[in-house]
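One structure below.
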Amino acid sequence: MALSKISTSYSPSHTLKSKPGVPFHGHDAKRTGVSFEPHRRLRISCSVAPNEVQAPVAPAIPSDKASNRECYGVFCTTYDLRADEKTKSWKSLIKIAVSGAAGMISNHLLFKLASGVVFGPDQPIALQLLGSERSLQALEGVAMELEDSLYPLLREVSIGTNPYEIFQDCEWALLIGAKPRGPGMERAGLLDINGQIFAEQGKALNAVASRNVKVIVVGNPCNTNALICLKNAPNIPAKNFHALTRLDENRAKCQLALKAGVFYDKVSNMTIWGNHSTTQVPDFLNAKINGIPAKEVIKDTKWLETEFTERIQKRGGVLIQKWGRSSAASTAVSIADAIRSLVTPTPEGDWFSSGVYTNGNTYGIAEDIVFSMPCRSKGDGDYELATDVIIDDFLRARIKKTEAELLAEKRCVAHLTGEGNAFCDLPEDTMLPGEQ
Ligand code: LMR
């Protein structure tokens, strides 16, 4: 009989000392304030070994450790665990770090991750949840709900405010937490404040994450945040960093399906080019409906060029106007889709959109930015750019506009990417989707 335990440590009043050369950094939850206070140690962990069932026995916290941690609910008890035959074919556990973990997007996402619908029904996971000082209590609530959900695949949960602790050995980092643009804040100010968060998180990933960690940046402005993050993580391949444009791809598929009068699973090869902003380019030239070019199915070119394109570019803002807050559930779904697209082989002939580092692309897009492009994966976590795409003059002109915006954003964060002094000349006619 295998023996294991469920355990926790919870010491809200203790301050960790920084390791030499490893500073502590503040972090905010998605759309909450930024804190740069020292990190408190706050960790709740649940670790149930595979092949085991539970039978309560005595508390497990050694008396010498009990003084500096406080147990939490079910985690205060140690269990003997018995072999469970069904779990024997499970893969080895992977560690997934999530920032902004007490926010709305995470609240939808974490339960999908824990249920097995993203990484597969044979993939046990550990969730390492990063929040801010302000969100710690809410993060405990999230951990409680995860506990209460009894997910067999969820083997460990830890929470905290220090990315150097939370990113330790993670194989996936889902960076959701970012500061929203407040009233009167210039876009350059938003780039700077969020850029600092992502510079720090890049450094933390560089120091402690798995060398092959896959990073998906969700916090806006996500393309440039991803660029800042990867520039601060020189020991992690730049190719491993993604900015989430899958939500835009999903939105575009839905609108094409609506117009064509088909179900959205009939729409394929949907590329979003460029920035997750109002300059993004939903590509109806290469998209297909029932395997036929979308332009042959939807003959209303004016609609495709204007209404369709603007609807996708501004969808996030319209949603905020109607709902009073930023998209959360659909964003979480699109993060799950983005991960699945990397861990399962892309269907033959199809592709998916992701904001990736432009290093040697064949489309003529400027190098050294994070730009959404069509990607294919063998299901090994990696991707290659699709080569069978056509670019006409209309598409090229739109791609150039979103490229110009990203190059301007890059100049504006040069101080955070190690490229000298920042110079902000952001185009005034463009916005983040939620800025309208
Ligand atoms: C979205 O596209 O829904 C969001 O990125 C909007 C926002 O700015 O939060």
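The values are calculated or read from the model by the stated rules, or taken from the named source; none is laboratory data. All of these numbers come straight from a predicted model, not from anything done at the bench. Ideal geometry is used to build each Cβ from the backbone, glycine not excepted, and the neighbour counts take in all protein chains shown. All accessible areas refer to the heavy atoms of the entire protein, side chains included, with ligands and DNA or RNA removed. Shrake-Rupley method; radii C 1.70, N 1.55, O 1.52, S 1.80 Å.
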Check your understanding: If the chain between Lys302 and Gln321 were fully stretched, how many nm would it gain, using 0.36 nm times the residue separation less the Cα-Cα distance?
Key -> 4.2 nm
Revision key, fill the gap. Note on region 330-376: alpha-carbon gyration tensor, axes a ≥ b ≥ c; rule is a/c under 1.5 for rounded, else prolate if a/b larger than b/c, else oblate; result oblate
Review point. Taking a ≥ b ≥ c as the square roots of the eigenvalues of the Cα gyration tensor of region 367-436, is the shape rounded (a/c under 1.5), prolate (a/b larger than b/c) or oblate?
Key: oblate
Practice item. For region 128-171, report the accessible area per residue in Å² (1.4 Å probe, heavy atoms, rounded to an integer). Key: 36 Å²
Review point. When you count, for each residue, the other Cβ atoms within 10 Å and take the mean per peptide, how do 163-176, 349-362 rank with the highest first?
Key: 163-176, 349-362
Study note, to complete from the structure: Measuring from its Cα centre, region 245-395 shows a charge dipole (+1 at each Lys and Arg Cβ, -1 at each Asp and Glu Cβ) which, in debye to the nearest 20, is 800 debye
Check your understanding: What length, rounded to one decimal in nm, is gained on full extension from Gln123 through to Lys378, with 0.36 nm per residue of separation minus their alpha-carbon distance?
Key -> 90.0 nm
Check your understanding: How big is region 136-211 in terms of Cα radius of gyration and Dmax, in angstroms?
Key -> 15.5, 47
Point to revise | Full-extension gain in nm, Phe263 to Phe423, via 0.36 nm per residue minus C-alpha separation | key: 53.0 nm
Practice item. Would you mind classifying region 180-267 by shape? Square roots of the alpha carbon gyration tensor eigenvalues, ordered a ≥ b ≥ c; an a/c under 1.5 is rounded, otherwise it is prolate if a/b is larger than b/c and oblate if not. Key: oblate
Exercise for review: DSSP loop (so not H, G, I, E, B), at most 11 other Cβ within 10 Å: list which GluC sites (Glu not before Pro) in region 263-367 pass both filters.
Suggested key: Glu348, Glu367
Review point. Which distance in Å, rounded to a whole number, links the C-alpha centroids of region 212-236 and region 334-382?
Key: 15 Å
Exercise for review: Could you tell me the distance between the Cα centroids of region 268-323 and region 395-436, to the nearest Å?
Suggested key: 21 Å
Point to revise | Note, ³J(HN,Hα) from phi for region 156-167, Karplus 6.51, -1.76, 1.60, rounded to Hz, x at Gly and Pro | key: 8, 9, 10, 10, x, 10, 10, x, 5, 8, 6, 7
Point to revise | Sum of side-chain charges, Asp392 neighbourhood, beta-carbon under 11 Å (Lys, Arg +1; Asp, Glu -1) | key: +1
Review point. Looking at this model, which pairs from Lys179/Lys410; Lys91/Lys112; Lys214/Lys266; Lys112/Lys322; Lys259/Lys302 are more than 22 angstrom apart at the alpha-carbon?
Key: Lys214/Lys266; Lys112/Lys322
Practice item. Sort 328-339, 378-389 for me by packing, meaning the mean count of neighbouring Cβ atoms within 10 Å per residue, highest on top. Key: 328-339, 378-389
